[in-house]
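The values are calculated or read from the model by the stated rules, or taken from the named source; none is laboratory data. Everything quoted here is computed from the prediction, not taken from an experiment. For neighbour counting, all protein chains shown are included, and Cβ atoms are generated from backbone atoms with ideal geometry for every residue, glycine included. SASA here: full protein model, heavy atoms, side chains in, ligands and nucleic acids out. Shrake-Rupley method; radii C 1.70, N 1.55, O 1.52, S 1.80 Å.
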There are 2 protein chains.
Amino acid sequence: MPQAIHQTPSAYGYPLLIKQLLHSALATASGQEIIYGQRRLSYAGFYERVQRLANALKEMGLQPGNTVAVMDWDSNRYLECFFAVPMMGCVLQTVNVRLSPEQIAYTLNHAQADVLLVNSDFLPLLKQIRGELTTLTRCVWLTDDATPCPRGPGFAGEYEELLAQAEPACDFPDFDENARATTFYTTGTTGLPKGVYFSHRQLVLHTLATTAGLALAPQQGRFHRDDVYMPLTPMFHVHAWGLPYVATMAGVKQVYPGRYVPDTICRLIREEKVTFSHCVPTILQMVLTSEQAREADLSGWKMIIGGSAMTGSLAKMARDRGIDVFTGYGMSETCPVLTLAQVPTEELGGEREAAIRVKTGRPLPLVDLRTVDGEMQDCPRDGSTTGEVVVRAPWLTQGYLHQAEASEELWRGGWLHTQDIGHLDAEGYLQVTDRIKDVIKTGGEWVSSLQIEDIIARHPAVAETAVIGIQDGKWGERPVALVVLKKDAAAVSEDDIREHVRAAAEAGAISRYGVPDRVRFVAELARTSVGKLNKRVMREQYPSS
Amino acid sequence: MPQAIHQTPSAYGYPLLIKQLLHSALATASGQEIIYGQRRLSYAGFYERVQRLANALKEMGLQPGNTVAVMDWDSNRYLECFFAVPMMGCVLQTVNVRLSPEQIAYTLNHAQADVLLVNSDFLPLLKQIRGELTTLTRCVWLTDDATPCPRGPGFAGEYEELLAQAEPACDFPDFDENARATTFYTTGTTGLPKGVYFSHRQLVLHTLATTAGLALAPQQGRFHRDDVYMPLTPMFHVHAWGLPYVATMAGVKQVYPGRYVPDTICRLIREEKVTFSHCVPTILQMVLTSEQAREADLSGWKMIIGGSAMTGSLAKMARDRGIDVFTGYGMSETCPVLTLAQVPTEELGGEREAAIRVKTGRPLPLVDLRTVDGEMQDCPRDGSTTGEVVVRAPWLTQGYLHQAEASEELWRGGWLHTQDIGHLDAEGYLQVTDRIKDVIKTGGEWVSSLQIEDIIARHPAVAETAVIGIQDGKWGERPVALVVLKKDAAAVSEDDIREHVRAAAEAGAISRYGVPDRVRFVAELARTSVGKLNKRVMREQYPSS
């Protein structure tokens, strides 16, 4: 075996800790600004507040290993928590404020949250769930409109007052780089939210590799020290994709927008000269179609788009306004960034430029990304053969908190299974084409249930349809179609529908394996509480074809 | 204590290993070129050669933990060794071919080198020392001019032939990221060479942080994916400052120049459109004053200067040719890069631009750099108060191989002591002013022996002088001057010399603590074999004042 220099990383005397991200920024950019509302902090002032926050939380009795939860809009306060809480050895829980009250209560209890920093906007919600919170001892009051802190033993005080009273200097200790730094909860369409967690080491490595991946771009999609950063994905969602850590390490000017209001966003872009953001397609659409954006100069705004696929028409709308949009890819379990679709110099202005911006992207440094078949064999990198996207990188979650089975499933074969289906090409571009739960594995091929549904829905008698994969001893899975007929539809048989799909398959629209074995006519399709198709329930309803 | 997610990094399933630097480059830039002489490899072709080399070395019986030494000029072969040797779990020893034959033999034995890859240019040297090499079992023959491989049991064969015979695919294993990857030897003016060694983890982190530090620069001193890289500091010296790893991870075109001949260098810049290099001032001077450079277009060539301070006049000469020169700082023990002096956008074309380029630089991400007094207290960051430069970063050597005492001295107080004296300013710029061995710690101040010598040398009776620090119970150290008088000098007393220095101190040239306690008139000054002043010997000769 190779000789290790030391047995443990801590023996190195330099564990990878979130505090280390601050060294060069504080040394080189102490006067740089961090802006939220009327508040303009210097990096030096920000760091003093980080130290005061840690001291205030210590005063409240928090010990290393305790969990501090936050419910806030995107603000300098949240950024202070991003650093102070993990740096004192506690775990930062970023609470998804869009979950239902029951789910929020579940996640706070599941993560054993000790203290909750809560924006006054969420007081009604807090009142509703307070009785159910079994581990929470105190709240800290955050307010943008001077709403007074509720009195009572449950509240430790108002954030700014606590900071003002706290000591301004704090000596942050070294500890094991594998210590938990952050946790938050993913939400599928079914089941309870699952907790993912990241260590100091993982966040530092994600920050370094994402910085390298962004900054190495020669022209388009490039991040550098003169950029002005503003997040437009919430800080509760995978640490705003980790970009606040990137921006802070780089020492750039940062602007926090609070809630996402087109008016505010457009004003900040104009007044603070924002140049670098990231958001989901819906937010970009909202900004571009807002009244305020019509007047605004958005040229030179660089924008990573993720969360769901950017359509060509949205990309064009953004490009027409001079926005440098490009796709990024990842998920809660991957910290999140895995790939970026920056446009290479030689493609600028060329035929492929528009297509590249909406590709899923190329892997960051250190990311080992494959598309594999059911036996974990690599698919050819031909830009068309699809397989499941599996990945290794030093910043992927090790699993779900207290959910051993789901964790093993996530990591089977030693690779993180993204549940996405896609293809790679010779230049390293990944194109995700489907979610795996929407794909049926049959006869050694992946068939998209969405494509089959699309075909069936074109039949004149069909009101709506859902295609599910049913276990099959010979083929692995076989597609079964559930069909709701139009009220006034002419008589139609199972074979009519199958013949309709077969004709499309023969025309090359889908694989011939995609022709359903069975078509079941049903009165309605199972749906989740928010109205999405619930295929898990359908598979339970129809376990065999 | 904070909870660790896992006990050891290997439990993560993703140790930081040199092989991980290749993932994104091979996926996204497999057709990019690596050039040496007439040889033009693609990255895919390069990786096949890396695999063949590992298989050839395995065929020779090499096991993980064994040491493979290399004596070669800068070539694609050396780059292949940078990857293949550590990736198979062996230690790469990069032999400094400028050491004396005795020193080379010492370092090969000390590192327990098992196999030596040796360029045919070094055959005479090898013959001279072969009998002294106690651990070496075989050599591999490297040649650029088809000199045939010597026959005999000591030679395993010629590099290209071995590669051609080896299997083209190799499955590189995962192992402990703290395993030793590389070693080489530092040389002071006195004593035996000291072995420093770096782990996979350290090299990966140095690569990520150096890439981030270079790529984040908005304009000047910036590295990106369209650059063409050519090293001009030898690959045997701190892995050519680690830049070949940076270039490979980024997937850029790479050009290896062999020996540093101005004609070749200028031709490669022209023909291969080299845009990014690094070198010591001497090499830049050599290139700029060469016949060939007069005709060459050097504009846009980016160049990190390190090793010793760049003078303002050399910087100006380079700037007049359009070269984007800037200083980098580090040493063998620091992997090496700690700081870079890229010019910020707001200083471009301004009064300070020239001065910034020759500053020592600003810290890379993750680098915690301080200037401290004798009690390890921080000096004010005022751009003038000097102290010793001490540093922490995740890629610093843990010590010298088999030299516990020197290692403890290097790391006293938990910080790596650079032995450099300098000051920091509020913008994070470090300016190194002295080597510590040239500085006398007295009365709580640092006094530069070089400055005292400079003053004494101006006395009309003095031929040459050396000032040394002598231990003193009250003051820590006190300066003592050794003076060689001119042959025809008028009679001069100890007090005359002291008075001469005192006058200069009163005029503000140095601290009053710098006036020597004793002046000793001597016939000659102790020197090293290469003619440098040997202050270690002087301190032994004059242990007290």
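Filter the range B:434-460 down to residues that are open to solvent by 20 Å² or more (accessible area, probe 1.4 Å) and farther than 15 Å from residue B:507 by Cβ, then give me how many there are. Total satisfying the criteria: 13. Restricting attention to the range A:223-257, the residues being within 12 Å of residue A:273 (Cα to Cα) and not aliphatic (A, V, I, L, M) number 5.
Against the criterion of being open to solvent by less than 20 Å² (accessible area, probe 1.4 Å), out of contact with any Gly (no Cβ under 9 Å at 6 or more places or on another chain) and either farther than 27 Å from residue B:366 by Cβ or acidic (Asp, Glu) (or both), residue A:284 qualifies. So which residues in the range A:442-497 are touching a Phe, Trp or Tyr at 6+ places or on another chain (Cβ under 6 Å) and on the phi > 0 side of the Ramachandran plot, if there are any at all? Residue satisfying the conditions is A:443 alone. If you go through the range A:238-267, how many residues are in a helix (DSSP H, G or I) and under 21 Å from residue A:222 (Cβ atoms)? Number of matching residues: 10. Based on what the data block shows, is residue A:181 out of contact with any Lys or Arg (no Cβ under 8 Å at 6 or more places or on another chain), within 14 Å of another protein chain (Cβ to nearest Cβ) and not in a loop (DSSP other than H, G, I, E, B)? The answer is yes for residue A:181. Taking the criterion of being assigned to a helix (DSSP H, G or I) and at pLDDT below 95, the residues of the range A:272-288 that qualify are A:281, A:282, A:283, A:284, A:285, A:286, A:287, A:288. Of all residues in the range B:30-48, those that are free of Cβ contacts under 8 Å to residues at least 60 places away in the same chain and away from chain A (no Cβ under 12 Å) have Cβ atoms under 6 Å from Cβ atoms of residues that are buried (at least 19 other Cβ atoms within 10 Å of the Cβ) and of a type in the set (Val, Ile, Thr), 6 or more apart or on another chain, in B:41/B:34; B:46/B:34. Output yes when any residue across the range B:110-120 is over 25 Å from residue B:239 (Cα atoms), of a type in the set (Asp, Glu) and out of contact with any His (no Cβ under 9 Å at 6 or more places or on another chain), and no when none is. The answer is no; no qualifying residue exists. Whenever a residue of the range B:278-289 is without any contact (Cβ under 8 Å) to a residue 60 or more places away in the chain, its partners that are surrounded by fewer than 17 Cβ atoms within 10 Å (Cβ to Cβ) and assigned to a helix (DSSP H, G or I), lying with C-beta atoms within less than 7 angstrom and at least six residues away or across chains, give the pairs B:288/B:317. Take the range A:135-160 and flag every residue that is surrounded by fewer than 18 Cβ atoms within 10 Å (Cβ to Cβ) and within 28 Å of the chain's Cα centre (by Cα). A:135, A:143, listed by residue number. Residue B:328 - would you say it is in a strand (DSSP E or B), away from chain A (no Cβ under 12 Å), open to solvent by 10 Å² or more (accessible area, probe 1.4 Å) and not aliphatic (A, V, I, L, M)? Yes: the conditions hold for residue B:328.
So that you can scan it fast, the table gives a plain yes or no per residue for (1) under 18 Å from the mean Cα position of the chain (by Cα); (2) open to solvent by 10 Å² or more (accessible area, probe 1.4 Å); (3) among the charged types (D, E, K, R); (4) within 11 Å of another protein chain (Cβ to nearest Cβ):
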residue	(1), (2), (3), (4)
A:210	yes, no, no, yes
A:217	no, no, no, yes
A:220	no, yes, no, no
A:224	no, yes, no, yes
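Scanning for something at pLDDT below 95 and of a type in the set (Asp, Glu), does the range B:226-233 turn up at least one residue? Within the range B:226-233, none of the residues are at pLDDT below 95 and of a type in the set (Asp, Glu). Say whether the condition of being closer than 29 Å to residue A:212 by Cβ, open to solvent by less than 50 Å² (accessible area, probe 1.4 Å) and part of a helix (DSSP H, G or I) is met by at least one residue in the range B:302-309. No, the conditions are met nowhere in the range B:302-309.
Quick one: is residue A:61 under 27 Å from residue A:114 (Cβ atoms) and in contact with a Pro (Cβ under 6 Å, 6 or more places away or on another chain)? Spelling it out, it is not the case that residue A:61 is under 27 Å from residue A:114 (Cβ atoms) and in contact with a Pro (Cβ under 6 Å, 6 or more places away or on another chain).
For the range B:1-19, filtered to residues that are at pLDDT 95 or above and in a helix (DSSP H, G or I), the residue that is most open to solvent (accessible area, probe 1.4 Å) is B:19. Between B:419, B:471, the distinction of being among the polar types (S, T, N, Q), open to solvent by 60 Å² or more (accessible area, probe 1.4 Å) and more than 30 Å from residue B:364 (Cα to Cα) belongs to B:471 only.
Just one of the listed residues (A:527, A:539) is open to solvent by 20 Å² or more (accessible area, probe 1.4 Å), among the charged types (D, E, K, R) and under 27 Å from the mean Cα position of the chain (by Cα), and it is A:527. Scanning the range B:186-232 for residues that are in contact (Cβ under 8 Å) with a residue 60 or more places away in the chain, more than 25 Å from residue B:284 (Cβ to Cβ) and part of a strand (DSSP E or B) gives B:194, B:195, B:196, B:197, B:198.
Of all the numbered requirements in (1) within 14 Å of chain B (Cβ to nearest Cβ); (2) touching a helix residue (DSSP H, G or I) at 6+ places or on another chain (Cβ under 6 Å); (3) in a strand (DSSP E or B), residue A:140 misses one, and that requirement is (1). Criterion applied to A:101, A:124 was being under 23 Å from the mean Cα position of the chain (by Cα) and either assigned by TED's automatic domain parsing to the domain that holds residue A:335 or surrounded by fewer than 17 Cβ atoms within 10 Å (Cβ to Cβ) (or both), and the one residue passing it is A:101.
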